[in-house]
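Single-structure report; data block below.
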Amino acid sequence: MVQLPSIQSLRAFEAAFRWQSYSRAGDELGLTHGAISHRIRDLEARTGHVLFQRVGNEMLPTDEARRLVLRVREALAILNEAFASPVSDRARRTIKLSVLPSFASRWLVPRLNLFRDAHPEIAIELDSRLDHAELGPSGVDAAIRYGPGGWPGLRAEPLARETLLAVCAPRYRERLQLVGAPDILRCVLLRHSWQPWAPWLRAAGLSLKQHDDGPSYADAGLLIDAAIAGEGVALARGILVKPEIAAGRLVALGDVRIRDEHAYHLVRPLGTSRLDPAIDVFRDWMVPLLRADALSVER
């Protein structure tokens with residue numbers, strides 16, 4: 001029967017391969033240079049091949065070492081998974097989260113470091129797309145969707161409502177000498193493919209027969225980018241444009257603001273999941289921040 005090398009020898013070999021140094025491998029594993037060298041010699045005797053060659057101050061792996069390290073890493077990964085602590089497995093969770101590109105780039109991603117600092121035991125893996133990702137075992141664990149809610153076969157929790165306002169680039173306002181909401185009748189209206197201008201125009205007491213003939217964008221982020229580029233006036237979601245207004249890249253045209261009929265929702269499959277507690281933690285972290293931004297835009 002073949003006598004297998006010790007786990008310590010395999011770990012010493014893998015660390016020496018990464019560091020190309022017995023001393024640094026020893027520092028990582030809490031062993032001396034001599035102990036690492038002894039374990040490498042043991043493996044060389046078992047394989048019948050030289051695994052490292054000294055070149056200057058480095059221990060460079062041989063071709064045989066490069067072949068061997070792939071199998072050693074695979075074996076160590078299998079052992080780590082097989083003997084992982086149940087407590088540690090419960091504590092560490094990765095949530096696969098589907099989110100719209102505009103919300104991801106303009107709100108969520110700049111704040112994810114705050115969540116990581118507060119909850120290092122939970123990792124967020126983002127799936128950013130315009131279409132609805134599949135939820136469930138073969139798809140994502142949860143999604144942040146913007147819409148009316150009530151998606152069939154899913155449970156949706158409202159997170160925050162949005163305020164819609166007209167925004168444009170400062171240079172666009174200056175070029176057209178825009179002062180208030182009525183001046184929008186002289187502007188190019190940038191449109192989102194499913195967010196019409198009509199409700200905002202009614203709230204402003206304006207009538208514009210051809211308010212639906214401007215450039216149209218499927219993604220709210222592209223709509224905002226077009227406004228920043230000076231292409232026209234966008235009817236934008238307040239939470240998404242708040243940082244752009246604060247930075248001076250956009251300005252609000254007039255004081256008219258309306259509540260959108262749609263809202264942000266946290267969406268999950270029906271039933272229960274082992275990730276529900278972690279998703280709840282993420283939701284509880286996100287909601288106060290999101291609603292605070294929503295409230296500040298309403299004012």
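The values are calculated or read from the model by the stated rules, or taken from the named source; none is laboratory data. These numbers come from a predicted model, not from an experiment. Please note: Cβ atoms are built from the backbone with ideal geometry, for glycine as well, and neighbour counts cover all protein chains shown. Side chains are part of the model used for accessible areas, which takes the heavy atoms of the whole protein and leaves out ligands, DNA and RNA. Shrake-Rupley method; radii C 1.70, N 1.55, O 1.52, S 1.80 Å.
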Residue among ALA198, ALA16, ALA156 with the largest mean-square fluctuation in a Gaussian network model of the chain, springs linking Cα atoms under 10 Å
ALA16
Would you grab the residues whose amide H sits under 5 Å from the one on LYS96? Only those 5+ places off in sequence or on another chain, please, with H modelled 1.01 Å from N.
GLU125, ASP141, ALA142
Candidates LEU185, LEU51, LEU240, ranked by Gaussian network fluctuation over the chain, Cα under 10 Å, top entry
LEU51
Quick one: in the range 97-189, what % of C-alpha pairs are over 15 Å apart?
72
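Taking every pair of Cα atoms in the chain, average 1/r, invert it to obtain the Kirkwood radius, and report Rg/Rh to two decimals. Spell out each step's value before the answer.
Details: Rg = 28.5 Å, Rh = 23.7 Å.
Answer for the chain: 1.20.
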Measuring from label point to label point, each 7 Å out along Cα→Cβ, what is the ALA229 to LEU4 span in nm?
5.9
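With a 1.4 Å probe and all protein chains left in place, how much of the accessible area of the chain comes from carbon and sulfur atoms, in whole percent?
Working: 8560 of 16150 Å².
Percent of accessible area from carbon and sulfur atoms in the chain: 53.
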Whole-Å distance, taken between Cα centres, linking the range 172-247 and the range 33-84:
62
Share, in percent, of DSSP beta bridges within the chain that are antiparallel, nearest 5:
65
Whole-Hz Karplus couplings 3J(HN,Hα) for the range 282-290, θ = phi - 60° and coefficients 6.51, -1.76, 1.60, Gly and Pro as x, run 4, 4, 5, 6, 6, 4, x, 5, 5
Solvent-accessible area of THR47 with every protein chain in place, 1.4 Å probe, in Å² to the nearest 10:
50
Who wins for biggest fluctuation among GLU162, GLU44, GLU231 in a Gaussian network model of the chain, springs between alpha carbons below 10 Å?
GLU44
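Report the equivalent ellipsoid semi-axes for the range 169-268 in whole Å, largest first, defined as the square roots of five times the eigenvalues of the gyration tensor built from alpha carbon atoms. Could you put the intermediate results ahead of the total?
Working: eigenvalues 84, 57, 35 Å².
After diagonalising the Cα gyration tensor, the semi-axes are 20, 17, 13 Å.
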In Å², and per residue, what accessible area does the range 45-203 have when probed at 1.4 Å with the other protein chains present?
57
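What dipole magnitude, in Debye to the nearest 20, does the chain give about its Cα centre under +1 on Lys/Arg Cβ and -1 on Asp/Glu Cβ? Provide the component values of the computation, followed by the final result.
Values: 39 positive and 36 negative charges, 46 e Å.
So the magnitude is around 220 debye.
Give me the extension gain from VAL50 to ARG73: residue separation times 0.36 nm, minus the current Cα-Cα distance, reported in nm with one decimal.
Extending this stretch completely gives an extra 6.4 nm.
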